[in-house]
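Notes to accompany the following structure.
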Number of protein chains: 2
Amino acid sequence: MARLYLASKLSYSGPQFNVISKNDIKVIRSLHRKKQRDDMNLFLVEGEKLVDELLLSEIKVKSVYCLAQSTESIKSDWLVITPREMSQISTHSPLLAVAYKLKPEPDIKKLSNQKILVLDGIRDPGNLGTIIRTADWFGIHSIIASKDTVDCYNPKVVQATMGGLFRCEMHYEDLSVLLELKKLNSSFRIFGAVLSGQDLSPLAEYKSSAGALIIGNESLGISEPVQLMIDHQVTIPRKGVAESLNAAISASILLHEWSN
Amino acid sequence: MARLYLASKLSYSGPQFNVISKNDIKVIRSLHRKKQRDDMNLFLVEGEKLVDELLLSEIKVKSVYCLAQSTESIKSDWLVITPREMSQISTHSPLLAVAYKLKPEPDIKKLSNQKILVLDGIRDPGNLGTIIRTADWFGIHSIIASKDTVDCYNPKVVQATMGGLFRCEMHYEDLSVLLELKKLNSSFRIFGAVLSGQDLSPLAEYKSSAGALIIGNESLGISEPVQLMIDHQVTIPRKGVAESLNAAISASILLHEWSN
């Protein structure tokens, strides 16, 4: 298609095709790996809805690649590439952006006066993405994740957040930071989702206080050192026989109880 | 390994290796396709935890394949196969069962006196599996799904239910059956999860009545003809800016509100 265009350049009035270099393709493909995302401070955003949300956010965009025929309003700084080139950088999307990762420094004072979500070893990208999407629904915009939590810039996570990632302050920290938050604000409450705690009443009781809600790993739950920091162990009442709930499901029911 | 055993048969006291035929391998692999599952009335269950749950359930099991070294208590009717054979029938599990699908006829009278979950076009296997797992937690054991809902015997669904599928009565029906339930029980309430309804108070108000909670398709919501059957449109209060919630997340928060 690019060649066809070049052959009839003078009479052609459609979109301007750009050339994507082999090196650009290599860089974009490498961003599926965490190490590369960290080294280059970049991540991928795929799909029309998600790129729209990205462009509305404060995140700095490096480049947007689109197909001539797939997007209605191609912006002047987008790079129009051929379907063949697109298939080399994206598996299913007609639109792909490369963006700069946000790296906010945690503002401990500010965090100690907010309701925050804490993730202790969430490993499944779909779970993390769904949790970020749900936190966005409930107006929770600060998340502290243990360092063994899956990378929030993993493309599967980005996809599942449905744009929530672009409105979320995500901090990967040692979770002992929670003790600092408590020191700064004595009314800061720490809730932990466990299978054998009391019911959800503490979430309702301390709804108006700042605090942290901790969700543990999918199979191991909250790690031992972090369990020691919990003020209120909370458990979703069970009526049936399932052994446990999915981590994103637990997080959502608890966020709903805490925020409404 | 099987050959090694045969060579030293007289002195060998470990597990008896069985032969899995090429045809058995072909049949098992074909059960990843819905048409084959329907034609043969069989489905696959993979993994130790899930096979354990299967054996505790009322579901009839056709065969169980295991590895000699991977399971502590190999039952006498299990078929012990080599790792090479296992890799031909299962991608990641040391234990695989082939079981007969349950085909319960919907008991309309009984359903009209229960709390049931209704799924209108859920397409994502992970979502369906998570919804079944969560319904199991909340003691909801009858699910009516529209015929375009993903097959509950899809291996990804089975995996995500974490055993909930084995305790669940799943009916694929035209959703006009809901009108029959209402005819049989005038206090049967129909709730629909929508983005622009009232809050969740009807779920609390009619908690003790029989009724149906309808969850719609991931991107399209509840289909138009089904919307007409809804008595109470319910919406999860939003505090933030996300456009919507994942279908399994919505289902879970609503089931929590309805059952507690």
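The values are calculated or read from the model by the stated rules, or taken from the named source; none is laboratory data. Predicted, not measured: the structure shown is a model, and the values here were computed from it. Neighbour counts are summed over all protein chains in view; Cβ atoms, including those assigned to glycine, are modelled from backbone coordinates with ideal geometry. Surface areas here come from the heavy atoms of the whole protein model, side chains and all, with no ligands, DNA or RNA. Shrake-Rupley method; radii C 1.70, N 1.55, O 1.52, S 1.80 Å.
Going by average Cβ density within 10 Å per residue, which order do the peptides A:56-65, A:188-197, B:246-255 take, highest to lowest? If you can, show how the numbers build up before the last one.
On the way: A:56-65: 15.2, A:188-197: 18.9, B:246-255: 26.3.
Highest mean packing first, the order is B:246-255, A:188-197, A:56-65.
For chain A, what's the relative contact order in percent, using C-alpha pairs closer than 8 Å and at least 6 residues apart?
Working: 463 pairs, mean separation 47.2, N = 260.
Relative CO of chain A lands at 18 percent.
State, to one decimal in nm and shortest first, how far the label point of B:R33 sits from each corresponding label point in the other identical copies (label point: 7 angstrom along Cα-to-Cβ).
Label point to label point, same position, other copies: 3.7 nm.
Tell me, what ³J(HN,Hα) does each residue in the range B:48-56 have, in order and in whole Hz, if you take phi through Karplus 6.51 cos²θ - 1.76 cosθ + 1.60 with θ = phi - 60° and put x for Gly and Pro?
5, 4, 5, 5, 4, 5, 4, 5, 7
Heavy atoms only, 1.4 Å probe, whole protein assembly: order B:V45, B:V150 by accessible area, highest first.
On the way: B:V45 0, B:V150 25 Å².
Highest to lowest solvent-accessible surface, that is B:V150, B:V45.
What is the set of long-range amide H partners of A:I116 at a cut-off below 5 Å, with H atoms built 1.01 Å from backbone N?
Residues meeting the criterion, in which the H sits 1.01 Å from N, are A:G211, A:A212, A:L213.
Can you give the relative contact order of the range B:131-260 as a percent, counting alpha carbon pairs under 8 Å and 6+ residues apart? Intermediate values should be presented prior to the final figure.
Numbers: 174 pairs, mean separation 35.0, N = 130.
Once normalised by length, the contact order is 27 percent.
Which whole-angstrom value gives the distance between the alpha carbon centres of the range A:221-241 and the range B:205-233?
If we compute the Cα centre of each part, the gap is 32 Å.
Please give the solvent-accessible surface of A:E169 in Å², to the nearest 10, using a probe radius of 1.4 Å with every protein chain present.
Solvent-accessible area, nearest 10 Å²: 50 Å².
In sequence order, what are the phi-derived ³J(HN,Hα) couplings for the range A:248-260 according to the Karplus relation 6.51 cos²θ - 1.76 cosθ + 1.60 with θ = phi - 60°, rounded to whole Hz, with x for glycine and proline?
Result, ordered by residue: 5, 5, 4, 3, 5, 5, 5, 4, 4, 5, 7, 9, 10 Hz.
In percent, how large is the relative contact order of the range A:44-139, given Cα pairs closer than 8 Å and 6 or more residues apart? Show your work: numbers first, answer last.
On the way: 87 pairs, mean separation 30.3, N = 96.
It rounds to 32 percent for the range A:44-139.
Give me the inter-chain shielding for B:232-243: mean count of other chain Cβ atoms within 10 Å, whole number please.
6
What span do the alpha-carbon atoms of chain A cover on each of the three principal axes, reported in whole Å from largest to smallest?
So the three principal-axis extents are 73, 42, 31 Å.
Determine how large the accessible area of B:R123 is when every protein chain is in place; take a 1.4 Å probe and give Å² rounded to the nearest 10.
That residue has around 130 Å² of solvent-accessible surface.
Write down the percent of antiparallel bridges among all DSSP beta bridges whose residues are both part of chain A, to the nearest 5.
Working: 11 of 36 bridges.
So the antiparallel bridges amount to about 30 percent of the total.
Could you tell me the center-to-center distance, by alpha carbons, between the range B:55-85 and the range A:157-198 in angstrom?
So the separation of the two Cα centres works out to 42 Å.
7 Å along Cα→Cβ for the label point: how many nanometres lie between B:L228 and each equivalent label in the other copies, listed shortest first?
6.4
How large is ³J(HN,Hα), in whole Hz, for each residue of the range B:209-225 in order, when computed from phi with the Karplus curve 6.51 cos²θ - 1.76 cosθ + 1.60 and θ = phi - 60°, using x for Gly and Pro?
Along the range B:209-225, the couplings run 8, 5, x, 10, 10, 9, 10, x, 4, 3, 10, 9, x, 7, 5, 4, x Hz.
Would you calculate the volume per residue, in Å³, of the smallest convex hull containing every Cα atom of the protein assembly as shown?
Values: hull volume 102.6 nm³, N = 520.
So the per-residue hull volume is 197 Å³.
Considering amide H positions built from the backbone, and no H for Pro or chain starts, which residues 5 or more places from B:A68, or on another chain, come under 5 Å of its amide H?
Residues meeting the amide H criterion: B:I81.
Among A:L184, A:L245, A:S201, whose Cα sits farthest toward the positive end of the charge dipole of the range A:169-246 (+1 at Cβ of Lys/Arg, -1 at Cβ of Asp/Glu, about the Cα centre)?
Value computed over the given set: A:S201.
Can you work out the FRET efficiency for the pair B:K156 and B:V241, with r the C-beta to C-beta distance and R0 = 35 Å, to the nearest 0.05? It would help to have the intermediate numbers written out before the result.
Details: r = 31 Å, r/R0 = 0.88.
In this case the efficiency is close to 0.70.
Please state the shape class of the range B:105-260: rounded when a/c is under 1.5, otherwise prolate if a/b exceeds b/c and oblate if not, all from the C-alpha gyration tensor. Intermediate values should be presented prior to the final figure.
Working: a/c = 1.38, a/b = 1.02, b/c = 1.35.
Cα axes put the range B:105-260 in the rounded bin.
Starting from a label point 7 Å past Cα on the Cβ side, list the distances from A:L184 to the same position in the other copies, nm, shortest first.
Spelled out, the distances from A:L184's label point are 5.9 nm.
With r defined as the distance between the Cβ atoms of A:E205 and A:E105 and R0 fixed at 45 Å, what FRET efficiency is calculated, to the nearest 0.05? All intermediate terms of the calculation are to be shown ahead of the outcome.
Working: r = 32 Å, r/R0 = 0.72.
Efficiency computed from Cβ-Cβ geometry: 0.90.
In the neighborhood of A:I236, defined by Cβ-to-Cβ distances under 12 Å, what is the net charge if each Lys or Arg adds +1 and each Asp or Glu adds -1? Don't jump to the answer; show the numbers that get you there.
Working: positive: A:R238, A:K239; negative: A:D199, A:E257, B:E257.
Taking every other residue near A:I236 into account, the sum is -1.
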